[in-house]
Amino acid sequence: MTDPLNPSHDEPAEGPRDAGFTGDSGPETAKNAADDAARDPAARANEVIEQIRDAVEDLAEKAAPAVKEFSAKAAELVAVAADKAAPLVHRAGEVTADASEKLAEKSRTFAHDIREQMGGSDGAGSAKAAADDATDAAKDAAEGNPPL
């Protein structure tokens, strides 16, 4: 019999311990484990962010022709609308200019009439007449303005 009757308690019954199973269990080992645990999620997060970045760049490259075509069609639509609106805008400008000239002339006449009335007639009658004249001037200016 070559086996001792009293085995050494430092070694397991299966054989000597592997170096990977032994090591320090002090504060340095706990710190290294914490660093590894912190690096692992950070590495995963960076990997996911990189994958998302690649997907977005790929999408942007593939979508560029469609976006350009959409932009071209939108520009064409705006050009057609502008072509159709231009005559209406010119006409509206002419009508507005005419109405503005009429209003200015009627306002000058109204102001002149008020000054004449203030110079020689009674206050109550001239105030009502002035208000009536202002209303008539506003109505006349509005009648020359077609609805847009």
Work out how much length ALA55 to GLU69 would gain on full extension: take 0.36 nm times their residue separation and subtract the Cα-Cα distance, in nm to one decimal. 2.8 nm
A chain fully extended from LYS139 to ARG44 at 0.36 nm per residue, minus the present Cα-Cα distance, gains in nm 26.6 nm
In nm, to one decimal, how far is the modelled label at VAL95 from the one at GLU76, with both set 7 Å along Cα→Cβ? 3.2
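A short reminder: the numbers here are calculations on the coordinates, not readings from a lab. Bear in mind the structure is a predicted one, so any value in this text is a computation, not a measurement. Heads up, the Cβs are rebuilt from the backbone with ideal geometry, glycines too, and the neighbour counts pull from every protein chain shown.
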